[in-house]
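Some notes on the structure that comes next.
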Amino acid sequence: METSGLREANKARTRQAISDIATRLFIERGFENVTVAEIAEAAHVSVKTVFNYFSTKEELFYDRMDDILAIIVAAVRDRPPGTTVLESLHVLFTERHVPFDDTGWRRLRDPDRYAAIRSFVAAEHASPTLRARRLVIAENWTRRLEELLADEMDARAAKVLAALVVGLLALRERELSAALLENASARTVERRVRSLMDEGFARLSQAFPQ
C-alpha cells in the first residue's frame, strides 16, 4: 500500500512536471498564446488534473511565489536575536538571486541556467497578463507582511513599512530583469542588484530604526 509520504512525493513530481511543461510552452509561444488544454495535452494529463494543482493559468507561470512568501515570512519570524526585520530581509535579498535558492548567485554563472532564467524573464515582460498578475502578488505580499509586522510595531507603522518593503522588492525585480534582458554578465547583474538593495535597505533603516 502506498504510503502518505510517497503519495505526496508523487503529487509534487506531477505538479513540477506540469509546471515545467507549461513554462516551456509559455517561453516558446508566449503566455497569451498557450491554453490550459494545450498544457494538459503536452503533459499527458486532463485539464481537470491541471486545475487540481494550479488554481489559475497564471499560477502555472508563478508557481514558486508561495515559496518566496514563505521564505520572507521565515526571514522575519525566525531571524536571530538582535537582528532587525530590515537587516534580515536585506541579507535575504542581497545574498540570493531568488529567496528560495540557498546557493546564492551561483546559478547565474552557469551559461545554460542564465539563458533559461533570461528566457523566463523575457516571457513575463512580453505578457500584459503576467505583469498585471505581479501587482496582485505584490498586494498579497504586502498584506501578509503587514500582518506579520503588526506583531512587532504599531499597526500604522506596520502598514507603511510593509508597503515600502514590497515596493523595494518590486524595484529589485525590475533591476534584475533589466540587467538580464540587457544580457549583462552574471557579475554585473549581481552587482546591480546588491547595490540597489544596499541603498534601499539603508534608507528604510534610517526611517524605521529598530
Q.
Given the options Asp198, Asp151, name the one that is out of contact with any His (no Cβ under 6 Å at 6 or more places or on another chain), at pLDDT below 95 and either under 19 Å from Leu89 (Cα atoms) or exposed (fewer than 15 other Cβ atoms within 10 Å of the Cβ) (or both).
A. Asp151
**Q.** Which numbered condition Phe120 fails, given (1) within 13 Å of the chain's Cα centre (by Cα); (2) at pLDDT below 95; (3) not hydroxyl-bearing (Ser, Thr, Tyr)
**A.** (2)
Q | Sole residue being surrounded by fewer than 18 Cβ atoms within 10 Å (Cβ to Cβ), of a type in the set (Gly, Ala, Ser) and either in the same structural domain as Arg134 (by TED's automatic domain parsing) or under 30 Å from Pro209 (Cα atoms) (or both), chosen from Ala9, Ala70 | A | Ala70
Q.
Against the definition (more than 19 Å from Glu95 (Cα to Cα), assigned by TED's automatic domain parsing to the domain that holds Ala74 and in contact (Cβ under 8 Å) with a residue 24 or more places away in the chain), how does Leu161 come out, yes or no?
A. yes
**Q.** Only one of Arg133, Arg113, Arg118 that is without any contact (Cβ under 8 Å) to a residue 12 or more places away in the chain and of a type in the set (D, E, K, R)
**A.** Arg113
Q: Could you check how many residues of region 12-29 are in contact with a helix residue (DSSP H, G or I) (Cβ under 7 Å, 6 or more places away or on another chain) and surrounded by fewer than 14 Cβ atoms within 10 Å (Cβ to Cβ)?
A: 0
Q) Given Ala122, Ala163, Ala157, Ala132, which one is of a type in the set (Gly, Ala, Ser), loosely packed, with under 13 Cβ neighbours inside 10 Å and not in a loop (DSSP other than H, G, I, E, B)? A) Ala132
Q. For region 1-87, list the helices (runs of 4 or more DSSP H) that sit wholly inside it and hold at least 2 residues that are modelled with pLDDT under 95 and on the phi > 0 side of the Ramachandran plot; which are they?
A. none
Q | Matching option when the condition is exposed (fewer than 14 other Cβ atoms within 10 Å of the Cβ), modelled with pLDDT of 95 or more and either under 19 Å from the mean Cα position of the chain (by Cα) or in the same structural domain as Glu95 (by TED's automatic domain parsing) (or both), among Leu168, Leu181 | A | Leu181
Q.
Just to be sure I understand the filter: pairs with C-beta atoms under 6 Å, separated by 6 or more residues or on different chains, first member in region 60-88 and farther than 30 Å from Thr35 by Cβ, second member in a loop (DSSP other than H, G, I, E, B). Which pairs pass?
A. Ile71/Pro99; Ile71/Phe100; Thr84/Gln210; Ser88/Arg79
Q) Failed condition for His97, given (1) in contact (Cβ under 8 Å) with a residue 60 or more places away in the chain; (2) in a helix (DSSP H, G or I); (3) of a type outside the set (Asp, Glu), with all others met? A) (2)
**Q.** Selection count where residues are among the acidic types (Asp, Glu) and modelled with pLDDT of 95 or more, scope region 96-117
**A.** 2
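The values are calculated or read from the model by the stated rules, or taken from the named source; none is laboratory data. As the structure is a computational prediction, the values presented were derived from the model and not from experiment. Here the Cβ is made from the backbone with ideal geometry for all residues, glycine too, and neighbour counts use every protein chain on show.
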